[in-house]
Every structure is written in C-alpha cells, then in structure tokens.
Amino acid sequence: MNKAIQYPPGYYIQWAGQFEYLQAAMKKLQVVIPFTLLIIFVADLFQPKSVTKTFIVLLAVPFSLVGRSG
C-alpha cells in the first residue's frame, strides 16, 4: 500500500490548515516569550536594584496564579 506518487514538475504536497498555523505560532512563541521575560526582569530590576529581590518577585508570580478557589 506504500506506493510512491509521481507528481508533474512544479507540483508538490504541503501540510496546511491548523497544523501549519500551530507550527508558525510555536516558532514565534519561542522568540517572544524569552524576550518578554527579559523585558519584565529588566523593568523589575530598576525598582529594588537587587537581582535577588527581583528573582523573588518573579518567582512569586506563578504561585500567585494558584490563589484560592473559594
């Protein structure tokens, strides 16, 4: 059942639709997310002027999202 299909010159097969959009989004997010975290880190570093305090604040953010559910 694994037959090779011969296409005329100039024709090709390409994945499209949601798969293609997912791949493009993942590629963009790999650049955007680290850049955004760097900007937040630098902006937060200006206030206390301490790397340790800045890391403490940034580590508190994910834990604050958990919060209480009731």
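Hey, any hits in region 2-15 for a residue that's part of a helix (DSSP H, G or I) and either surrounded by 10 or more Cβ atoms within 10 Å (Cβ to Cβ) or among the aromatic types (Phe, Trp, Tyr) (or both)? First the steps, then the outcome.
Looking only at region 2-15, we keep the residues that are part of a helix (DSSP H, G or I), and these are none.
Scanning region 2-15, I find no residue that is part of a helix (DSSP H, G or I) and either surrounded by 10 or more Cβ atoms within 10 Å (Cβ to Cβ) or among the aromatic types (Phe, Trp, Tyr) (or both), so the answer is no.
With respect to the conditions (1) open to solvent by 80 Å² or more (accessible area, probe 1.4 Å); (2) hydroxyl-bearing (Ser, Thr, Tyr); (3) touching an Asp or Glu at 6+ places or on another chain (Cβ under 6 Å), residue 54 falls short on a single one, namely (1).
The values are calculated or read from the model by the stated rules, or taken from the named source; none is laboratory data. None of these values were measured; they are calculated from a predicted model. Backbone-built Cβ (ideal geometry, glycine too); neighbour counts: all protein chains shown. Accessible surface is based on the protein model in full, side chains and every heavy atom, while ligands, DNA and RNA are left aside. Shrake-Rupley method; radii C 1.70, N 1.55, O 1.52, S 1.80 Å.
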